[in-house]
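A.B. asks: Got a structure here, written out as structure tokens. Questions coming.
The values are calculated or read from the model by the stated rules, or taken from the named source; none is laboratory data. Please read these numbers as outputs of a predicted model, since none were measured by experiment. Positions of Cβ are backbone-derived with ideal geometry, glycine not excepted, and every protein chain shown enters the neighbour counts. Calculation scope for accessible area: heavy atoms of the full protein, side chains included, ligands and nucleic acids excluded. Shrake-Rupley method; radii C 1.70, N 1.55, O 1.52, S 1.80 Å.
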Amino acid sequence: MYDRIEKFLEPQSGLSELAQTYIEACRRAAPPDLDYLILVPTLRCNLACSYCQVSRADAQATGYDWDDATLAAVIELVSMANAKALKIEFQGGEPTLRPDLIEAVIQAVPAGVDASFVICTNLQEVDDRLLSIFDREDVSISTSLDGPLDIHAQQRMDAAHPAERFVTNLEQLIERYGVEKISALPTIDPLSPPAPDALTKAFTKFGLTSIYLRPVNYQGFARKRHAYSRDIAEAWASYHRRFIEHVIQRNWERPSEVVEETYFSMLLRRIFRPSMVRHVDLRNPNPLGHDYVVIDFDGRAYPTDEARMLSRSGVIDLSIGDIFSGWNTPERDALNAASTLDGDPACDNCAYKPYCGRDIVDDISRYGTIDRPRVDTEFCRRHLALFDLAFELIASSDERVRYSLGRWLNLAGPMPEMVLAR
């Protein structure tokens with residue numbers, strides 16, 4: 001049997017070439033309709049985190065919410081959705097300051113559209129009206145948990161908003177809904193990160209086993225308060241590796257509670273499962289303003305949330321239109337003309353190109369240009385380290401490694417041993 005398989009995979013059989021062409025097409029395919037919408041009903045927030053990526057407004061400020069005309073235009077957009085499945089994510093500011101706007105959008109989704117909603121919230125205030133929204137089966141909750149309580153409090157809390165209130169609300173919501181409805185993300189300072197064991201324990205104590213590591217981003221207020229975040233690739237790669245190694249060992253010792261680092265798992269699926277991952281950092285070409293768009297509190301449209309942050313910070317206006325006139329604009333075309341790895345000599349000769357993506361917004365944020373050599377960019381250095389680690393683990397014969405890889409890839413058992421071509 002194996003001889004027959006090897007014969008089919010010989011280059012002259014054509015099957016290998018056809019399979020490669022199919023995989024390439026899957027990776028490059030983009031949904032034809034808008035099916036992921038990030039909405040910012042208010043820029044106001046009741047916290048003032050030092051690493052905030054957005055130039056948020058005070059909770060009592062005026063003029064930072066959708067006005068009637070903007071709300072009407074958003075509702076019209078949602079009510080005309082063509083996608084079979086539509087995901088809407090509410091961000092801010094703190095979107096739960098305007099539950100009425102969230103309710104209006106949810107009610108506007110037409111019948112027959114498989115819609116899901118994500119509410120990104122700091123969970124400082126949870127009242128009955130908000131609970132009535134959370135109770136919906138199609139609504140999930142995304143919050144921030146920066147690790148052990150002392151670190152979380154230091155980075156996010158103040159005297160008026162004690163960390164204990166957040167913990168109480170999180171515990172009550174988990175008890176009410178279970179962990180499947182709730183996700184939490186840590187923001188890590190690469191220069192003083194929590195120990196991997198401490199970070200893992202901070203999540204698993206709530207029953208949360210998916211941990212999406214993200215470093216302080218060079219956006220919004222963080223540009224001034226954490227200026228070093230512009231270039232952190234080396235420190236971040238070191239910490240990320242230590243965390244993955246810790247989780248692998250932990251999963252081996254506690255197979256009943258498997259922990260994953262979410263971004264690393266996405267990289268693995270990107271390698272093995274074409275078209276399974278649509279994360280906007282990992283697409284090439286990366287079509288901006290087509291299947292995914294951000295609508296800000298003032299109705300301006302942006303290709304990504306990071307582009308919105310740059311505009312809010314006064315660095316550069318990367319808006320591509322607005323909710324009233326649309327975003328099929330020259331500004332969008334200009335961004336899309338450069339939103340590809342194709343033709344870049346460093347990328348064309350990189351073994352990881354089939355799995356990697358292009359994030360020109362990140363380059364603009366850090367360097368003010370998209371022409372910096374790819375190998376000198378933060379994005380490239382960070383992903384080279386991650387893909388190096390991924391293939392190192394894929395080639396490993398260590399049964400502890402293969403156990404975690406199998407679980408992260410949702411295999412029936414451990415990852416089979418592989419012999420990579422040399």
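A.B. asks: For Tyr292, Tyr64, give me the order by solvent-accessible area with a 1.4 Å probe, most accessible first, ignoring ligands, DNA and RNA.
C.D. replies: Descending accessible area places them as Tyr64, Tyr292.
A.B. asks: Need one value: the accessible area of His290 in square angstrom, 1.4 angstrom probe, rounded to the nearest 10.
C.D. replies: 90
A.B. asks: Would you rank Met418, Met266, Met309 by solvent-accessible area, highest first, keeping every protein chain in place and using a 1.4 Å probe?
C.D. replies: Accessible-area ranking of Met418, Met266, Met309, largest first: Met418, Met266, Met309.
A.B. asks: Okay, next question. Output wanted: per-residue J couplings in Hz (rounded whole) for the stretch 390-402, from phi through Karplus 6.51 cos²θ - 1.76 cosθ + 1.60, θ = phi - 60°, x for Gly and Pro.
C.D. replies: Residue by residue, the stretch 390-402 yields 4, 6, 4, 6, 4, 7, 6, 9, 5, 5, 5, 5, 5 Hz.
A.B. asks: Hey, can you find the accessible area per residue of the chain for me, probe 1.4 Å, expressed in square angstrom?
C.D. replies: 46
A.B. asks: Hey, rough spin-label estimate for Leu411 and Glu125, points 7 angstrom out along Cα→Cβ, what's it come to in nanometres?
C.D. replies: 5.0
A.B. asks: Right, next: Would you list the P(r) distribution for the stretch 46-129, with all Cα-Cα distances sorted into 5 Å bins from 0 and each bin expressed as a whole %?
C.D. replies: Per 5 Å bin, starting at 0, the Cα pair percentages come out as 3, 12, 22, 22, 18, 13, 7, 2, 0.
A.B. asks: Per residue of the chain, what 222 nm ellipticity follows from adding -39500 (n - 2.57) for every DSSP H run with n ≥ 4, rounded to the nearest 500?
C.D. replies: Counting only the DSSP helices, I get -12500 deg cm²/dmol.
A.B. asks: Please list, in chain and number order, the residues 5+ apart from Val118 or on another chain whose amide H is under 5 Å from its amide H, with Hs placed from the backbone.
C.D. replies: Under 5 Å from the amide H of Val118 lie the amide H atoms of Ile88, Glu89, Phe90, Ser140, each far enough along the sequence or on another chain.
A.B. asks: Additional query: Taking amide hydrogens as modeled 1.01 Å from N in the peptide plane, which residues meet the under 5 Å criterion relative to Ser144, leaving out close sequence neighbours?
C.D. replies: So Ser144 has HN proximity to Leu185.
A.B. asks: Largest first, how would Val126, Val105 line up by accessible area (1.4 Å probe)?
C.D. replies: Val126, Val105
A.B. asks: What residues qualify as long-range amide H neighbours of Asp298, i.e. H under 5 Å apart, gap of 5 or more or another chain, H built at 1.01 Å from N?
C.D. replies: none
A.B. asks: Next question. Ranked highest first by average number of other Cβ atoms within 10 Å, how do 281-289, 142-150 line up?
C.D. replies: Sorting 281-289, 142-150 by mean packing, highest first, produces 281-289, 142-150.
A.B. asks: Which whole-Hz ³J(HN,Hα) couplings does the stretch 170-185 yield from phi under the Karplus relation 6.51 cos²θ - 1.76 cosθ + 1.60, θ = phi - 60°, glycine and proline marked x?
C.D. replies: 4, 4, 5, 5, 5, 5, 6, 10, x, 6, 5, 8, 10, 10, 9, 10
A.B. asks: Leaving ligands, DNA and RNA out of it, report the carbon-plus-sulfur percent of the accessible area of the chain at a 1.4 Å probe. Working shown, then result.
C.D. replies: Details: 10010 of 19540 Å².
Solvent-exposed carbon and sulfur of the chain make up 51 percent of the total.
A.B. asks: Along the stretch 352-369, what does the Karplus equation 6.51 cos²θ - 1.76 cosθ + 1.60 (θ = phi - 60°) give for ³J(HN,Hα), rounded to whole Hz, x for Gly and Pro?
C.D. replies: With coefficients 6.51, -1.76 and 1.60, one gets 8, 3, x, 10, 9, x, 10, 10, 6, 5, 5, 4, 4, 4, 7, 10, x, 7 Hz.
A.B. asks: Would you mind checking the radius of gyration and Dmax of the stretch 331-374 based on alpha-carbon positions, in Å?
C.D. replies: 10.7, 32
A.B. asks: Quick one: plug the Kirkwood hydrodynamic radius of the chain (C-alpha pairs) into Stokes-Einstein at 37 °C, 0.692 mPa s, and report D in µm²/s. Intermediate results must be reported in sequence, preceding the final value.
C.D. replies: Details: Rh = 23.0 Å.
For these conditions, the coefficient is 143 µm²/s.
A.B. asks: So what does log10 I(q)/I(0) come out to for the stretch 239-344 at q = 0.20 Å⁻¹, using the Debye formula with one equal point on every Cα and no solvent?
C.D. replies: -1.02
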